[in-house]
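Worksheet: one structure, shown below.
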Amino acid sequence: MLRIDCPFCGMRDHSEFAYGGDGSVAYPALDATLEAWHEAVFMRENIRGVQTETWQHLHGCRMWLRVERDTVTHEIHSVRPGHPGFSAVLGIEK
Amino acid sequence: MTARRLESGGIIDRTKPLGFTWDGRKLGGFAGDTLASALLANGEMIVGRSFKYHRPRGIMSAGVEESGAIVTIGQQARQEPNVKATMQELYDGLDGWGQNAWPSVRFDLGAVSGLFGRFFAAGFYYKTFMGLPPFEWGKGTGLWMKYEKLIRRAAGMGAASLDPDPDIYDHAHAFCDILVVGAGPAGLRAALTAAEAGREVLLVEQDFELGGDLLNDPLAEGRRREMIEAVRRAGVRVMTRTTAFGLYDHGVAGLVERVADHPAVPADHRPRQRFWTVRSEAIVLATGALERTIAFSQNDRPGVMTANAARAYLNRYGILPGHRILVATNNDSAYGVAGELAAAGAEVVLADLRTESHPKAPAGVALLEGVAPLEVIGRAAVRGVRLARQRGGTWYPDESVASDLLLVSGGWSPVINLASHRSAKPEWKKELACFLSGPMKEPIFMAGAAAGLLCSEACEASGENAARHAMGLPIADVPLRGAEHPILPIYEVRLPGSRAKAFVDPQHDVTSDDVRLAHQEGFVSVEHLKRYTTLGMATDQGKVGNVIGLALMAEALGKEIPEVGATRFRPPYTPVAIGALAGRQVGIHFKPIRRTPLHDWNLRQGARMIEAGLWQRSWYFPGDGESCEQSAKREAETVRRSVGICDVSSLGKIAVLGPDAAEFLDRVYCNSFARLPVGKARYGIMLRDDGIVMDDGTTWRLSEQEFLMTTTTINAGKVLSWLEELLQLRWPELRVQISSVTDRWAGLSIAGPDARAVLGECLNNSAEIEPEALGFLGVKKVRLLSCIECLLARISFSGELGFELYVPSGYAEMAAQQLWDHARKYDGCLYGLEALDVLRIEKGHVTSAELDGRMTLDDAGLGRMASLKKPFIGSALRQRPELQRADRPRLVGIIPKDRSQRFNAGSILCADGKVSGFGEGWITSVAFSPAQGRWIGLGYLAGGQTAWQGKVLVAADPVRGSNVEVLAVEPHMFDPEGKRMHD
Amino acid sequence: MTETVSALEGRIRSGHFGAAGSSGISVSEIQSFTLTQFTAWADAMPQAGTDIAHRAGCSAPAAPGLSTEGIAGRLLRVEPLRWWLVGNEPFAPSGDAAGRTHTVVDLSHSRVLLRLSGQSTAELLNHYLPLDLRNAHFQQGHVACSAIHHVGVTLWRDAAGFNLLIPRSFAVSVWSLLVESAKQFGVETVPWKYHSGP
């Protein structure tokens, strides 16, 4: 079981979170080409080591997070809010 | 073996006698006994039969590593097989019996299979039943099918009850600074050290008594009580009868607490067991060590046990386990028990393999040097032991010693299982002849015997150090020191050419010959050895046999043990009941149940309910004696004729607010929302990134910056998370806020030609729903007669004049009752999901049966909804060439060729005369249409209706065994122009 | 005024259940509360927080993980930019849904509110909630969103004990689980109480 240090809620259990997907993908504009969308949606690295993932703190603050996780050790290196506005607000208050 | 209870000694309570039943006979024991100690005290020698050979087995240990005394406890629903008698606390009324034997463990007819022992050697099943690879793969399968039942009956463990478990199990969560596993001298001291430094400590112990090996030492009782008292005073949270069975990521440990495994029936409302998830900052593993045996001929006979087990039975339980006792050892640890047994009145001979360096024989003990046990004499009991002596690497027979109990000490295996769960590599320590845990990156610290220390003073010191490590404090050095005289490793004693049975893993009946056979046949890696022989795969998971097996394989390979390696231990350390894992999530709590605000009201009106995801929805409202089909037909007819009221509260509802709300919806939906006027609703479809349809529903514009989105019942949660993902990760620049308001509103659908009249009578101002005031797809806030403010939209799923009224949930019953009171005057009805399905199939409206996560807009016949003026989520990838093929499945209506015929949802649509394979399509939904007077359906068909114009199809239902001739038609099968709902 | 119907209507029998002797837990349903959601625009912070606190009658907006008691009720910080006001007025505060510094959504009726007290309450809640509820770690005023049996819930602690907001549709399911587990400690149930002021 993983534990994720939510920037808002603190350290919480895996069971409260939902895995999103590859956090390193920059999705193209909606009017981008089929090829660009194909690349963004279907092409994935199978990383052995640290990868960026998106997780939602579904049963918590509902924040979408970018999590750097080691796929070998499950070690979590960083957890950041996905939305810059959330980062700013939490930065102000911390 | 002629064991007997002593008049005094031990920490059992002789003032509290307990009665129990063994194999139907009434026996007695004392509080503080285990079932094993009580059986021993009663002179029960044979308490089990072995797995394959049905060999008689006695008590072999006094702990979790037990492989002989594996028994069944309890009757009927509470019958629990494979209980280790050595771990089962004795209680008044305990009902136990030996398993894997008929008629009893003392006289077992199955024991004849022992005579055919060579047929049961490693790989027997594979070779006999699977054919000789690679030429005969599978040829033995038929044989296997034939003999499987026989073999399964002959070989195996106890039988579980087939009745539902009557007991309850809890889950629980706990947090602490430091988790200490094991309450022996090291664990107690670690817990005390950390607690005195102000840490919150959780100390868990699998036994029902604290103390670990201190319990087995008659001189340590004072120290034990002192430490327990100190630990309690320091505020340590102590959990006994609790096993830490696994360590997981990020400091998480899994525990099972046996709350009520020691009465026959748990007291009122108490769980039998509790499954704990514990999170800690650091963990100290003071899990002790297990004594190993040695492989030699007939080493599994009743009356052979580990030396330390005898020590426990003597000192903890006050039992003299034998009278003429041979203690065979290769290390110092057995000297103590030899002396204690002699002092208690037994005749003790100590056979030490070592000749050069060993302690002095204790008082009253005869010492034989340089000998080891070669063979046990006696079948059902030990009558004597033949010894052997090694010269030049070969064993030669030596004298025999008459005895009734053989104690073996082949060295110690530290319990590093939990560290192994965290991927710590076992490292072989040659000087101690054991594996110790390798280094760990995580804050997990080994202490005491688990760290290779064998005297209680050193264990205490290492416990203190481990606790200080765990707290990040500096430590004093404790030398890794075993006994005074080094161990002389020995794993097997056998004469050259001997074919005697020497057990490595007695629980799975794996012998030393099996290990050599595995080597001979090429299964030389430890992982292959394990699987080929099943060594270490019994309920003890190799606690007894692993090291011996590895040593024998190393010898066969001519390698050292570390070169052979060790298998990784995996959770659980000891078996965990499935019931504990399930906890309370059984029966009606298997998953949470969602009820609408009208749940009870619907039931009071006679609703039958049906599951829709987690929701309970009203299915149909049967009149006298009506079936579901009859009721749904009547309800659908009533809606088309007058009016019906339906609870649609389960639809997902999402408030979408902010200056960019319209822009956001425009990006999310395939159709346009930017220019949706205030006070209007629109049906929208959203796609996934990959161009497949995700969900649909109506979205209502309440004001310039305020929308109410509805989703399907099933996808409500998914859509909310998806919109949050888009707003937080992809389009943070949009000023939009969303939140679920599903539970805030109850939804009531009022549909039918009389809907307006019925609704009007319930409103403060009925004029505001007149057609001029509220046109088709109009939205407004209205007040009920009671002045409660509601949201109203004029939308229709049924194809009739329809309204959806959203009432604050707490007022739902009041609103529903008012509507129903008026609807009755119009001869209206309440309708459920079944009638709703009839109505929408007639209209060709899609639901999750059609939008199943594989279909595109075009497939569902909704391609024209996609805006050409703006891009939206999925607009790029829906253009993929494969999704554009003309032979993609397309939504069609289905009618039977012969209008009296009925067909089923799930049928495969095949061309006439070609009923095979995947066919040309499939049927998603079927209903009896009162409007058409026949069965109709929706489905997908390659190329769509135009490709099959005038051609007969077969709705093939091979599962239910029917083939019905059908025709494909336009999906809108009733009022295709939509006149009725626009009126 | 029309009475609202609670999701637990008819499901709560008052009395003592489970283990005999003293009750480790007392549970009651709090009725007649309002629930109002305020969500700040990130770029309008910290002014948005001040405005929200003002509407709740609090001196300052609650910080992450905390709540504050105001004139209008208790203001819970539930998300980075979101507060819930558990109000004791019969109607939720009105105002523009989409305002300059924040938005407002009336969530009354969407939750059932339970109050749990007694010495075994934290232990009971920890049968389901994976939260650190030790006194030093979850003090009066602390707020946490988590899940009981897959159902998202909101918990806070005040002088009266633990308060639990459960989505209305799941309330019966969660209630029955809680009460069944509470029986081992002995449980006192009270049908309902009005939400009382600060």
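The values are calculated or read from the model by the stated rules, or taken from the named source; none is laboratory data. Nothing here was measured: the structure is a model prediction, and the numbers come from that model. With ideal geometry, Cβ positions are generated from the backbone for all residues, glycine too; neighbour counts draw on all protein chains shown.
Taken over the range C:160-173, the criterion of being within 7 Å of chain B (Cβ to nearest Cβ) and in a helix (DSSP H, G or I) is satisfied by C:ARG168, C:SER169, C:PHE170, C:VAL172, C:SER173.
For the range A:51-94: of the residues being β-branched (Val, Ile, Thr) and assigned to a loop (DSSP other than H, G, I, E, B), which is nearest to the other protein chains (Cβ to nearest Cβ)? Ranking the qualifying residues of the range A:51-94, first place goes to A:THR73.
Consider the range A:20-32 and keep the residues that are over 24 Å from B:VAL252 (Cβ atoms) and not in a loop (DSSP other than H, G, I, E, B). The one that is farthest from the other protein chains (Cβ to nearest Cβ) is A:ASP22.
For the range B:839-874, filtering for residues that are within 43 Å of the chain's Cα centre (by Cα) and assigned to a helix (DSSP H, G or I) leaves 3. Considering the conditions (1) away from chain A (no Cβ under 14 Å); (2) outside any loop (DSSP other than H, G, I, E, B), C:SER22 is excluded by exactly one of them, (2). Of all residues in the range B:582-609, those that are more than 9 Å from every other protein chain (Cβ to nearest Cβ) and part of a loop (DSSP other than H, G, I, E, B) have Cβ atoms under 8 Å from Cβ atoms of residues that are of a type in the set (Phe, Trp, Tyr) and buried (at least 20 other Cβ atoms within 10 Å of the Cβ), 6 or more apart or on another chain, in B:GLN605/B:PHE621; B:GLY606/B:PHE621; B:ALA607/B:TRP619; B:ALA607/B:TYR620; B:ALA607/B:PHE621.
Could you please give the count of residues in the range B:1-44 that are of a type in the set (A, V, I, L, M) and under 17 Å from B:VAL83 (Cα atoms)?
If we filter the range B:1-44 for residues that are of a type in the set (A, V, I, L, M), which is where we start, we get B:1, B:3, B:6, B:11-12, B:18, B:27, B:31, B:35-36, B:38-41.
Filter once more, so that each one left must be under 17 Å from B:VAL83 (Cα atoms): B:35-36, B:38-40.
Number of matching residues: 5.
Considering A:VAL50, A:VAL72, the condition of being modelled with pLDDT under 95 and of a type outside the set (S, T, N, Q) is satisfied by A:VAL72 alone. When restricted to residues that are surrounded by 20 or more Cβ atoms within 10 Å (Cβ to Cβ), assigned to a loop (DSSP other than H, G, I, E, B) and away from every other protein chain (no Cβ under 14 Å), the range B:645-687 contains 3.
Could we say that C:VAL179 is over 27 Å from C:ALA62 (Cβ atoms), touching a strand residue (DSSP E or B) at 6+ places or on another chain (Cβ under 9 Å), surrounded by fewer than 19 Cβ atoms within 10 Å (Cβ to Cβ) and of a type outside the set (D, E, K, R) here?
No.
Within the set B:SER867, B:SER916, the sole residue that is of a type in the set (S, T, N, Q) and either under 18 Å from B:THR946 (Cα atoms) or within 13 Å of another protein chain (Cβ to nearest Cβ) (or both) turns out to be B:SER867.
Rundown of residues vs (1) free of Cβ contacts under 8 Å to residues at least 24 places away in the same chain; (2) out of contact with any Cys (no Cβ under 7 Å at 6 or more places or on another chain); (3) not in a helix (DSSP H, G or I), yes/no style:
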| residue | (1), (2), (3) |
| --- | --- |
| C:GLU3 | yes, yes, yes |
| C:VAL27 | no, yes, yes |
| C:ALA48 | no, yes, no |
| C:ASP51 | no, yes, no |
| C:ARG74 | no, yes, yes |
| C:VAL78 | no, no, yes |
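The set of residues in the range C:115-133 being within 29 Å of B:ALA812 (Cβ to Cβ), away from every other protein chain (no Cβ under 14 Å) and out of contact with any Lys or Arg (no Cβ under 8 Å at 6 or more places or on another chain) consists of C:LEU116 alone. Taken over the range B:691-732, the criterion of being of a type outside the set (Val, Ile, Thr), farther than 16 Å from A:MET63 by Cα, within 13 Å of another protein chain (Cβ to nearest Cβ) and part of a loop (DSSP other than H, G, I, E, B) is satisfied by B:GLY691, B:GLU704, B:GLN705.
For the range C:134-153, the set of residues classified as touching a Lys or Arg at 6+ places or on another chain (Cβ under 9 Å) and more than 10 Å from chain A (Cβ to nearest Cβ) consists of C:PHE138, C:GLN139, C:GLN140, C:GLY141, C:HIS142, C:HIS149, listed by residue number.
Residue by residue through the range B:875-904, note down the ones that are surrounded by 18 or more Cβ atoms within 10 Å (Cβ to Cβ), more than 14 Å from chain A (Cβ to nearest Cβ) and part of a loop (DSSP other than H, G, I, E, B). Spell out the reasoning first.
Filtering the range B:875-904 down to residues surrounded by 18 or more Cβ atoms within 10 Å (Cβ to Cβ) leaves B:875-878, B:889-896, B:903.
Subsequent filtering for residues that are more than 14 Å from chain A (Cβ to nearest Cβ) retains B:889-896, B:903.
The answer is B:PHE903, and nothing else.
Taking every residue in the range B:310-322 that is closer than 7 Å to B:ALA3 by Cβ and pairing it with any residue that is among the aromatic types (Phe, Trp, Tyr) and assigned to a helix (DSSP H, G or I), at least 6 positions away or on another chain, the pairs with Cβ-Cβ distances below 7 Å are B:ILE319/B:TYR313; B:PRO321/B:TYR313.
Restricting to the range B:63-116, what's the tally of residues that are assigned to a loop (DSSP other than H, G, I, E, B), modelled with pLDDT of 75 or more and more than 25 Å from B:GLY212 (Cα to Cα)?
Step one: filter the range B:63-116 for residues assigned to a loop (DSSP other than H, G, I, E, B), giving B:63-69, B:74-75, B:79, B:85-88, B:90-93, B:99-102, B:104-107.
Subsequent filtering for residues that are modelled with pLDDT of 75 or more retains B:63-69, B:74-75, B:79, B:85-88, B:90-93, B:99.
Next, from what is left, pick out any that are more than 25 Å from B:GLY212 (Cα to Cα): B:74-75, B:79, B:93, B:99.
Qualifying residue count for the region: 5.
Quick one: in the range B:273-305, which of the residues that are of a type in the set (Phe, Trp, Tyr) and over 28 Å from B:SER462 (Cβ atoms) is nearest to the other protein chains (Cβ to nearest Cβ)?
Here the answer is B:PHE275.
Which of the residues belonging to the range B:186-224 are of a type in the set (D, E, K, R), outside any helix (DSSP H, G or I) and closer than 28 Å to B:LEU314 by Cα? Explain how you work it out, then say what you get.
Within the range B:186-224, the first condition is being of a type in the set (D, E, K, R), and the residues that meet it are B:189, B:196, B:199-200, B:205, B:207, B:209, B:213, B:217, B:221, B:223-224.
Filter again for outside any helix (DSSP H, G or I), leaving B:199-200, B:205, B:207, B:209, B:217.
The answer is B:GLU205, B:ASP207, B:GLU209, B:ASP217.
Among the residues of the range B:568-578, not a single one is surrounded by 19 or more Cβ atoms within 10 Å (Cβ to Cβ), in a helix (DSSP H, G or I) and at negative phi.
Among the conditions (1) crowded, with 16+ Cβ neighbours inside 10 Å; (2) within 28 Å of B:ASP690 (Cβ to Cβ); (3) at the interface with chain B (Cβ under 8 Å from one of its Cβ atoms), the only one that A:PHE17 does not satisfy is (3).
Consider the range B:733-764 and keep the residues that are more than 38 Å from the chain's Cα centre (by Cα) and acidic (Asp, Glu). The one that is nearest to the other protein chains (Cβ to nearest Cβ) is B:GLU733.
Only residues that are among the aliphatic types (A, V, I, L, M), in contact (Cβ under 8 Å) with a residue 40 or more places away in the chain and surrounded by fewer than 17 Cβ atoms within 10 Å (Cβ to Cβ) were counted in the range B:337-376, giving 0. Looking only at residues that are under 25 Å from B:ASP540 (Cα atoms), within 12 Å of chain C (Cβ to nearest Cβ) and part of a loop (DSSP other than H, G, I, E, B) in the range B:245-272, which one is modelled with the lowest pLDDT? By that ranking, first place goes to B:ALA260. Evaluate the range B:617-639: report whether one residue or more is under 25 Å from B:ASP695 (Cβ atoms), within 12 Å of another protein chain (Cβ to nearest Cβ), touching a residue at least 60 places away in the same chain (Cβ under 8 Å) and not in a strand (DSSP E or B). The answer is no, given that none of the residues of the range B:617-639 is under 25 Å from B:ASP695 (Cβ atoms), within 12 Å of another protein chain (Cβ to nearest Cβ), touching a residue at least 60 places away in the same chain (Cβ under 8 Å) and not in a strand (DSSP E or B).
Of a type in the set (Gly, Ala, Ser), under 18 Å from B:ARG756 (Cβ atoms) and either buried (at least 24 other Cβ atoms within 10 Å of the Cβ) or within 45 Å of the chain's Cα centre (by Cα) (or both): does that describe B:GLY828?
Numbers: of a type in the set (Gly, Ala, Ser): yes; under 18 Å from B:ARG756 (Cβ atoms): yes; either buried (at least 24 other Cβ atoms within 10 Å of the Cβ) or within 45 Å of the chain's Cα centre (by Cα) (or both): yes.
Yes.
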